[in-house]
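Chemist: Before I ask anything, here is the structure I am working with.
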Amino acid sequence: MWIWIAVGVVVVLLGIWAVATYNGFIKLRNFVEESWKQIDVELHRRYDLIPNLVETVKGYAGHERQTLEAVTEARSAAASPGATPAEQASQENMLTSALRQLFAVAEAYPDLKANQNFLELQTQLTETEDRIAAGRRFYNANVRAWNTKLQTFPPNVVARVFNFKEAEYFEAEDPTVRRAPEVRF
């Protein structure tokens, strides 16, 4: 009789543990999704600023057509829906590279650099980039927590039963970001 009670208690405790572990996975998955949505909001803010920036530059440097088209194409690719975090990161890296070219063009036009609209757009874009970077850190921390729980024992047993998959990090792949700065004296 006591053996059946002990077995029953063990089964109930395992059931409670499995439910708590499953709920923990759901909570972490929701954190990952929420943090990705916050990045998405900031990315769309960035996409909304870019056409205004291109138009402002176009007024001063209209003959820089190739650079303006590269920025527009990169923005369109990055703004297209349905990308995974890894695909989105790749598209964002292309957009960042195109924006660098645009700002390099702007350096050649003193009137443009002094234009209040251009300066305001540049400031807003910089602030948005900072929020994207903060969102990326938050998202990647949530992905780390999710993936760690997914890979550790015994929660990985519950993860396999419910077919939970690892989440992708949102990483900068731009070689200029990853390269150590050169210091010369």
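The values are calculated or read from the model by the stated rules, or taken from the named source; none is laboratory data. Computed from a predicted model, the values in this text were never measured in an experiment. Reconstructed Cβ throughout: ideal geometry from the backbone, glycine too, with neighbour counts over all protein chains shown.
Chemist: Within the range 125-152, can you find the residues that are among the β-branched types (Val, Ile, Thr) and touching a residue at least 60 places away in the same chain (Cβ under 8 Å)?
Modeler: Listed by number, the residues that qualify are THR128, ILE132, VAL143.
Chemist: Kindly indicate which of LEU99, LEU49, LEU112 is more than 24 Å from ALA134 (Cα to Cα), assigned to a helix (DSSP H, G or I) and not polar (S, T, N, Q).
Modeler: Matching residue, one of LEU99, LEU49, LEU112: LEU112.
For every residue, the table says whether it meets (1) charged (D, E, K, R); (2) out of contact with any Gly (no Cβ under 8 Å at 6 or more places or on another chain); (3) closer than 21 Å to ILE132 by Cβ.
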position: TRP2; (1), (2), (3): no, yes, no
position: ILE16; (1), (2), (3): no, yes, no
position: TYR22; (1), (2), (3): no, yes, no
position: ILE26; (1), (2), (3): no, yes, no
position: ARG29; (1), (2), (3): yes, yes, no
position: GLU33; (1), (2), (3): yes, yes, yes
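Chemist: I'd like to check something: does the range 51-63 contain any residue that is among the small types (Gly, Ala, Ser) and under 30 Å from ARG144 (Cβ atoms)? Give the steps one after another, and end with the answer.
Modeler: In the first step, residues of the range 51-63 are kept if they are among the small types (Gly, Ala, Ser); the result is 59, 61-62.
If we keep only those that are under 30 Å from ARG144 (Cβ atoms) as well, we get none.
Within the range 51-63 (the criterion being among the small types (Gly, Ala, Ser) and under 30 Å from ARG144 (Cβ atoms)), the answer is no, since none of the residues qualifies.
Chemist: Taking interchain pairs and intrachain pairs at least six residues apart, which have beta carbon atoms under 6 angstrom, with the first residue in the range 97-116 and closer than 17 Å to ASN52 by Cα and touching a residue at least 24 places away in the same chain (Cβ under 8 Å) and the second surrounded by 13 or more Cβ atoms within 10 Å (Cβ to Cβ) and of a type in the set (S, T, N, Q)?
Modeler: As it stands, the answer is GLN101/THR67; LEU102/THR67; VAL105/THR67, since those pairs meet every condition given.
Chemist: Next question, about the same structure. What pairs come up if the first residue lies in the range 154-168 and is in contact (Cβ under 8 Å) with a residue 60 or more places away in the chain, the second is basic (Lys, Arg), and their beta carbons are under 7 Å apart, counting only those six or more places apart or on different chains?
Modeler: Correct list of pairs: PRO155/LYS149.
Residues checked against (1) surrounded by 13 or more Cβ atoms within 10 Å (Cβ to Cβ); (2) of a type outside the set (Val, Ile, Thr); (3) modelled with pLDDT under 90; (4) over 23 Å from the mean Cα position of the chain (by Cα):
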residue: ILE16; (1), (2), (3), (4): no, no, no, yes
residue: ASN30; (1), (2), (3), (4): no, yes, no, no
residue: ARG45; (1), (2), (3), (4): yes, yes, no, no
residue: ILE50; (1), (2), (3), (4): yes, no, yes, no
residue: GLU55; (1), (2), (3), (4): no, yes, yes, yes
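Chemist: Among (1) crowded, with 18+ Cβ neighbours inside 10 Å; (2) within 30 Å of THR148 (Cα to Cα); (3) over 13 Å from the mean Cα position of the chain (by Cα), there is one condition ALA74 misses while meeting the rest; what is its number?
Modeler: (2)
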